[in-house]
Amino acid sequence: MNTADNFIKSKLDDRRTAGNYRTLKAGAGLIDFCSNDYLGFARSAKLAAKVAVEILDCPLPLNGSTGSRLISGNLNYTEELEQQIAAFHQSEAGLLFNSGYDANVGLFSSIPQKGDTIIHDELIHASIIDGARLSHANRYTFRHNDPDSLEAKLKQAKGICYVVIESVYSMDGDSPPITALLKLTEQYGAHLIVDEAHAVGLYPAGLVATMGLADKIFARIVTFGKALGCHGAIVLGSNKLREYLINFARSFIYTTAAPLHQLAAVKMAYGLLSESKESIAALKFNINLFKQGLDVNQNQPLIASDSAIQCILLNSNDKARELSASLQQQGLDVRAILSPTVAKGAERIRICLHAYNTYEHIEKLTYVINTFGHAK
Ligand SMILES: Cc1ncc(COP(=O)(O)O)c(C=O)c1O
């Protein structure tokens, strides 16, 4: 074996020994309690049919966009879609990216400069950390959802300061005290950036717009791969921010633009979201049903969350794996989230609820969780 092969083998062996070796598995047809398809858009025949009609007689290149947005891949359709989505979220402008990962890497690598400061919640998504690392700015974390901890870091900030939060956290499902964090951010002359990946859906235009704070936020990130059931993302903000990103965000500039069928899917998904009162009500109903069905149990507490993401702490990789295996044996697709993905002691099962989960499935889910460990 050469040195590179040796290196790869030893890293993989380390992973196996630590019990967190990752493998890909195709869906096993279990009942979905783990996907981000909160409203069922990804599997909606109605949405697929609308997309087919939208692109059927379109004179534009259908299969591929033919180039980057700055060369041959830009369409009036793309720019109109950006304006429509920005208006939907009460934003002046927006710029599409090929994924939420690309959007965050592009935004955070290009806006903060050497000498500036990024302060983010300790549970912030990896795509924001990766972007921030590329930026050469100073980077601090503050304790999860803790305004005092944020203030301590704001006092140390140098240059232009950006505070970054998620409106619904992807691994915990909880929401930050946005008003308090915004107030502090403003008090210290910093700029708040909010990733709304998991909020859009339950809150159609996102939590920030629902709270009437859209014009107070420097930038928002909305991804289309979760409740919208598609793929891609948009950075929302001012016209100036959009122009800046077109000029400096490398994950926007140096990549082939999304194909028309992807844009059409996003456009139709926004149309569907506007008519989705019933699905959103069904999702809320299912979230409450799940929470009401759980026995309060100090050994496996539920993280406080009003969102579609509900987590039960089990405090060890083994227990988290054991409970997710029991649920899967019962046909329920629930995944364990292990350390080091989450901190040691915060290992958990993460349940994603959907508008399309049935009463019986949720009853079965809570039953298996409530009786876990009783037979021992
Ligand atoms: C909070 C958050 N931001 C960004 C992303 C990345 O979005 P995408 O899956 O579109 O790359 C995710 C998805 O995992 C996320 O949870």
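The values are calculated or read from the model by the stated rules, or taken from the named source; none is laboratory data. It should be emphasised that the depicted structure is a prediction, and the values quoted were computed from it without experimental measurement. Neighbour counts run over all protein chains shown; Cβ positions are idealised from the backbone, glycine included. The protein model used for the area step is the full one, side chains on, heavy atoms only, and it has no ligands, DNA or RNA in it. Shrake-Rupley method; radii C 1.70, N 1.55, O 1.52, S 1.80 Å.
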Quiz item: How much accessible area does TYR359 have with a 1.4 Å probe, in Å² rounded to the nearest 10?
Solution: 120 Å²
Practice problem: Would you work out what percent of the accessible area of the chain, with all protein chains in place, is carbon or sulfur (probe 1.4 Å)? | Solution: 53 percent
Quiz item: If segment 87-182 were replaced by its equivalent ellipsoid, with semi-axes equal to the square roots of 5 times the Cα gyration tensor eigenvalues, what would those be, largest first, whole Å?
Solution: 20, 18, 13
Quiz item: Using alpha carbon coordinates only, what is the Rg to Rh ratio of segment 14-63, with Rh defined as the Kirkwood radius?
Solution: 1.24
Quiz prompt | Ranking by accessible area, most exposed first, for THR3, THR341 with a 1.4 Å probe | solution = THR3, THR341
Quiz item: D for segment 156-243, whole µm²/s, Stokes-Einstein with Kirkwood Rh over alpha-carbon pairs at 20 °C and 1.002 mPa s: what number?
Solution: 158 µm²/s
Quiz item: What residue among ASP102, ASP130, ASP14 shows peak mean-square fluctuation when the chain is described by a Gaussian network model with Cα springs under 10 Å?
Solution: ASP14
Quiz item: Can you give me the relative contact order of segment 38-101 as a percent, contacts being Cα pairs under 8 Å and 6 or more apart?
Solution: 13 percent
Quiz item: Mind checking the alpha-carbon convex hull of segment 1-145 and giving the volume per residue in Å³?
Solution: 267 Å³
Quiz prompt | Of LYS50/LYS226; LYS226/LYS319; LYS183/LYS344; LYS50/LYS364, those spanning more than 23 Å from alpha-carbon to alpha-carbon | solution = LYS226/LYS319; LYS183/LYS344; LYS50/LYS364
Quiz item: Across bins of 5 angstrom width beginning at 0, how are the C-alpha pair distances of segment 268-376 distributed, in whole percent?
Solution: 2, 12, 21, 23, 17, 11, 7, 4, 1, 0, 0
Quiz prompt | Reach of LYS158 by Cα under 17 Å, taken over aspartates and glutamates that are not fewer than 8 positions away in the same chain | solution = ASP116, GLU186
Quiz item: Could the peptides 38-45, 229-236, 63-70, 145-152 be put in order, highest first, of the mean number of other beta-carbon atoms found within 10 Å of their residues?
Solution: 229-236, 38-45, 145-152, 63-70
Exercise. Can you grab the distance from the C-alpha centre of segment 218-267 to the C-alpha centre of segment 290-318, Å, no decimals?
Key: 34 Å
Quiz item: How would PHE248, PHE97, PHE88 line up by accessible area, probe 1.4 Å, largest first?
Solution: PHE248, PHE88, PHE97
Quiz item: Could you list log10 I(q)/I(0) for segment 58-274 at q = 0.10, 0.12, 0.15, 0.17 Å⁻¹, which the Debye formula gives when each Cα is one point scatterer?
Solution: -0.41, -0.58, -0.91, -1.16
Exercise. Which order do the peptides 327-340, 295-308 take when ranked by the mean count of other beta-carbon atoms within 10 Å per residue, highest first?
Key: 327-340, 295-308
Quiz item: How many percent of all Cα-Cα pairs in the chain sit more than 27 Å apart?
Solution: 53 percent
